[in-house]
1. Can you spot a residue in region 219-231 that is within 16 Å of the ligand (Cβ to nearest atom) and out of contact with any strand residue (DSSP E or B) (no Cβ under 9 Å at 6 or more places or on another chain)?
2. So is Leu158 away from the ligand (no atom under 13 Å from the Cβ) and outside any loop (DSSP other than H, G, I, E, B) or not?
3. Which of the residues that make up region 173-203 are away from the ligand (no atom under 13 Å from the Cβ) and either within 11 Å of the chain's Cα centre (by Cα) or not hydroxyl-bearing (Ser, Thr, Tyr) (or both)?
4. Taking region 66-81, which residues are in contact (Cβ under 8 Å) with a residue 40 or more places away in the chain and surrounded by 14 or more Cβ atoms within 10 Å (Cβ to Cβ)?
5. Out of all the residues in region 318-326, is one or more closer than 16 Å to Ser187 by Cβ, touching a residue at least 24 places away in the same chain (Cβ under 8 Å) and of a type in the set (A, V, I, L, M, F, W, C)?
6. I need the full set of residues from region 275-329 which are among the polar types (S, T, N, Q) and either in contact with a helix residue (DSSP H, G or I) (Cβ under 6 Å, 6 or more places away or on another chain) or modelled with pLDDT under 95 (or both), in order please.
7. Can you tell me which residues in region 97-135 are among the aromatic types (Phe, Trp, Tyr) and in a loop (DSSP other than H, G, I, E, B)?
Amino acid sequence: MAMRRVGAVPPAAASYSCSHFINSFLRSKFFSRPYCAGVSNAAAAADMPTTRPSFDASSSISEEEVQKFEEDGAIVLRQLFSSDWLERLCIAAEDNMKNPGPLCDEHEKPGQPGRFHDDQFLWQRHETMHKFIHESPAAQIARRMMRGKHVRLFYDQLFVKEPGTLSVTPWHNDHSYWQLKGEQIISVWLALDSISESVCLNYVKGSHKWKLMHRISSFSGDQDRYKSSSSESLPDVPDIDAMHDKVELLRWKMEPGDCLVHHSFSIHGAPGISANSSRRRAYATRWVGDDVTFDPRPGTMHYVWLKAGLDLALQPGNPLKSTLFPEVH
Ligand SMILES: O=C(O)CCC(=O)C(=O)O
């Protein structure tokens, strides 16, 4: 069984629903250690630059790259993040692995080798991630790639696969998991390690244009987590591994500081990591633009968040205007 720690949240909390409450709840009960979740993380944050380093997305990312992304649904962008950010994110990631948050998943079953650590909303608990969201180039990258006017953070997520991890990242698109409607939904997946092509994320080129809504399961294979009667009618993800003659896969060798940008409808997945590979750490941020609204379809991640006491206090069709989803300038 995957270790799921949302049960630590007091069930009574789920009945509250105002956004003021959400934030104080996130900072108190839900995320019991707001920001600076450990000595090392606090130390890393202390000497962090307080001013936003200059970054200009329109000169750093070419029009050709934006068009390529629009065509393929995924792209690698090289070295847009300073080593400072990487060092600090690595420290915070280690801290998070020791002190995970309430939405953390450990996808490897007990007794299996390796570790696949997957956690969300780190920016609410680690000052490093909070600063990264507001001051790193990530928001500007997302805005440029979606040709947006404004961007909001949807949430952030840490993925760590240790050597020997058998679990694959199953083929999926993010859109099927998310309680969102709209086109301007983009992830920036930042490599914290050197990642060889054999263990990196693979994308089905152009699959964002399929706009596939598929049935979802947890990465640990838990079919019940997202089960709902109405999502039962959704198709499964096609067996991409059996379609090699029909699809083209995109994948890139990456160095720390390289990032992948992918559209929420892009189908992607990744293999496990052999025991003699190095670890594969990545920090993903999910961004939404002005055309995105709240769509709490049954069988999405929304209900897992709700169970954990995270009521977004939005009505279907609302834009994601909430301090939980900060607009970043
Ligand atoms: O890093 C991984 O293995 C999964 C990443 C992923 O699915 C995502 O960022 O949407």
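The values are calculated or read from the model by the stated rules, or taken from the named source; none is laboratory data. Quick caveat: nothing in here was measured; it's all calculated off a predicted structure. When we count neighbours, we look across all protein chains shown, and the Cβ atoms used for this are built from the backbone with ideal geometry, even at glycine.
1. Yes: region 219-231 contains one or more residues that are within 16 Å of the ligand (Cβ to nearest atom) and out of contact with any strand residue (DSSP E or B) (no Cβ under 9 Å at 6 or more places or on another chain).
2. The answer is no for Leu158.
3. Gln179, Leu180, Lys181, Gly182, Glu183, Gln184, Glu197 - these are the residues of region 173-203 that are away from the ligand (no atom under 13 Å from the Cβ) and either within 11 Å of the chain's Cα centre (by Cα) or not hydroxyl-bearing (Ser, Thr, Tyr) (or both).
4. Val66, Phe69, Asp72, Gly73, Ala74, Ile75, Val76, Leu77, Leu80, Phe81
5. yes
6. Asn276, Ser277, Ser278, Thr285, Thr300, Ser322, Thr323
7. Phe121
Let's see how each residue does on (1) in contact (Cβ under 8 Å) with a residue 40 or more places away in the chain; (2) within 21 Å of Phe219 (Cα to Cα); (3) surrounded by fewer than 24 Cβ atoms within 10 Å (Cβ to Cβ):
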site: Asp95; (1), (2), (3): yes, no, yes
site: Glu108; (1), (2), (3): yes, yes, yes
site: Pro113; (1), (2), (3): yes, yes, yes
site: His130; (1), (2), (3): yes, no, yes
site: His134; (1), (2), (3): yes, no, yes
site: Arg143; (1), (2), (3): yes, no, yes
site: Met146; (1), (2), (3): yes, no, no
site: Phe159; (1), (2), (3): yes, yes, yes
